[in-house]
Amino acid sequence: MAMALAALGTRLAEQVAAGDSKAVEATVKELAARDDYKNDESTKLRLSGTVVLLARLLDASTWSSECVQGALAVIGQCLQVDPPCRDLLAKEGLMKRLARLLDTKERQTALLALRALAPLVKAKNEQELLSEAFKLGAVGKLLRWLDPRPEFEEVARAVGRVLLIISNSAAYRESLRDMGFIPSLITLGHAYPTDHKCSFLGPLYNLARSESLHTSLKDLDLLDLCAAVLTGQPEGAVAEEVKVRGDGSGKLGLWDVEEVLHGVQSLARSGQQALAMAQGGVLDLLVEWLAARTDAGGGEGGGGGGSEGDAVVRATRALLNFSMHTAVHPLLHKAGAVEVLAGFEAAADLRVAD
């Protein structure tokens with residue numbers, strides 16, 4: 001029977017006190033190999049001082065890279081499932097240690113440091129930790145790991161998860177732009193157009209929430225990336241979610257359905273992008289989504305209300321933009337857009353009827 005995590009923590013403390021480096025490395029390796037880090041077990045490791053001890057092991061240069069990686073793996077697990085651990089390790093100076101480890105040349109060490117960094121910055125003093133991360137250079141060090149080569153994908157996605165948290169704070173969006181993150185995120189977005197986890201599109205979405213960044217995002221061809229995503233995966237995450245969950249009642253990954261429809265509307269202003277989306281299946285999905293609103297009573301006398309109504313308005317405006325391009329007309333007829341729109345002519349929402 002496997003030894004309890006708390007017992008392993010106690011054994012580790014005894015080995016560190018005795019200066020038995022080989023035994024310490026073996027125990028850290030054993031802790032890292034465990035997959036039973038539930039909340040109660042992680043709480044015991046925190047209360048026993050094991051997680052603090054592991055954090056302090058990161059300071060010594062005498063440990064092997066395997067030992068450091070093992071300590072990072074355990075710390076990351078505890079930070080994920082035990083929120084009080086975040087506050088404890090933040091006070092213990094873990095941010096400074098992680099910032100130093102991001103200078104490593106070893107991808108695995110960087111990956112594990114990033115997996116610890118993401119939950120750490122969700123501590124109660126999140127804004128203070130983010131400010132510290134910038135001052136220590138930890139944020140700047142993330143840029144070098146946004147590498148589009150396949151062997152860096154896992155690390156790049158881990159960076160994306162950290163940037164998603166940072167970019168959620170309006171105070172740091174311009175700093176991320178000035179540090180040069182936007183071009184790298186767009187490059188990775190093109191490299192992984194069916195990015196179901198939104199590792200790279202998510203931070204870009206957050207950055208786009210600040211109007212002061214719109215010009216920069218446009219100049220760096222974010223709209224081209226959006227078009228590539230929308231047209232490149234009609235059977236992927238975006239199209240499937242529009243199709244299955246496009247009922248206005250939930251979230252579309254990181255985006256509300258209305259936000260996706262807004263993107264389609266904007267892209268359809270360009271004849272080239274409108275045709276590409278129509279040929280890629282986005283137009284068919286859009287018409288299908290609207291048809292479901294008609295069946296649900298959104299047509300005659302309806303059009304929906306609240307977010308549902310706003311989404312219908314976005315969808316009809318998107319079709320209006322599609323109709324401005326002669327090359328798209330045959331595809332509009334084929335998709336049944338005319339018949340679907342006829343069902344909204346008597347809509348109570350005059351925005352839709354118009």
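The values are calculated or read from the model by the stated rules, or taken from the named source; none is laboratory data. Keep in mind that this is a model prediction, so the values were computed, not measured. Here Cβ is always computed from backbone atoms with ideal geometry, including for glycine, and neighbour counts include all displayed protein chains. Accessible surface areas use protein heavy atoms only, side chains included; no ligands, DNA or RNA. Shrake-Rupley method; radii C 1.70, N 1.55, O 1.52, S 1.80 Å.
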(request) Read through the list (1) among the acidic types (Asp, Glu); (2) open to solvent by less than 50 Å² (accessible area, probe 1.4 Å); (3) assigned to a helix (DSSP H, G or I); (4) within 30 Å of Ser175 (Cβ to Cβ), then give the number of the only condition that Glu41 fails. (result) (4)
(request) Might you check whether a residue that is of a type in the set (Gly, Ala, Ser), within 15 Å of Ala227 (Cα to Cα) and at pLDDT 75 or above occurs anywhere in the stretch 238-256? (result) no
(request) Determine whether Gln279 is modelled with pLDDT of 60 or more and open to solvent by 50 Å² or more (accessible area, probe 1.4 Å). (result) yes
(request) Report, ordered by the first and then the second residue, all pairs with beta carbons closer than 6 Å, sequence separation of six or more or different chains, a first member in the stretch 204-220 that is closer than 14 Å to Leu185 by Cβ, and a second member that is at pLDDT below 85 and assigned to a loop (DSSP other than H, G, I, E, B). (result) Tyr205/Leu254
(request) Working only within the stretch 4-23, note down all residues that are closer than 16 Å to Ser42 by Cβ and either open to solvent by less than 50 Å² (accessible area, probe 1.4 Å) or in a loop (DSSP other than H, G, I, E, B) (or both). (result) Ala4, Leu5, Ala6, Ala7, Leu8, Gly9, Leu12
(message) Looking only at the stretch 31-52, filter to residues that are of a type outside the set (A, V, I, L, M) and closer than 10 Å to Val74 by Cβ; which one of those is farthest from the chain's Cα centre (by Cα)?
(response) Thr50
(request) Within the stretch 303-354, count every residue that is open to solvent by 50 Å² or more (accessible area, probe 1.4 Å), aliphatic (A, V, I, L, M) and either at pLDDT below 75 or over 19 Å from Asp284 (Cβ atoms) (or both). (result) 3
(request) Considering only the stretch 61-156, give the helices (runs of 4 or more DSSP H) lying wholly within it that have at least 2 residues that are of a type in the set (Asp, Glu) and open to solvent by 50 Å² or more (accessible area, probe 1.4 Å). (result) 126-135
(message) For the stretch 44-60: of the residues being open to solvent by 20 Å² or more (accessible area, probe 1.4 Å) and not in a helix (DSSP H, G or I), which is farthest from Leu102 (Cα to Cα)?
(response) Ser48
(request) Taking the residues in the stretch 193-204 that are more than 17 Å from Lys141 (Cβ to Cβ) and surrounded by 19 or more Cβ atoms within 10 Å (Cβ to Cβ) as candidates, determine which candidate is modelled with the lowest pLDDT. (result) Asp195
(request) Name every residue in the stretch 24-38 that is of a type in the set (Gly, Ala, Ser), over 21 Å from Pro84 (Cα atoms) and open to solvent by less than 70 Å² (accessible area, probe 1.4 Å), in order of residue number. (result) Ala26
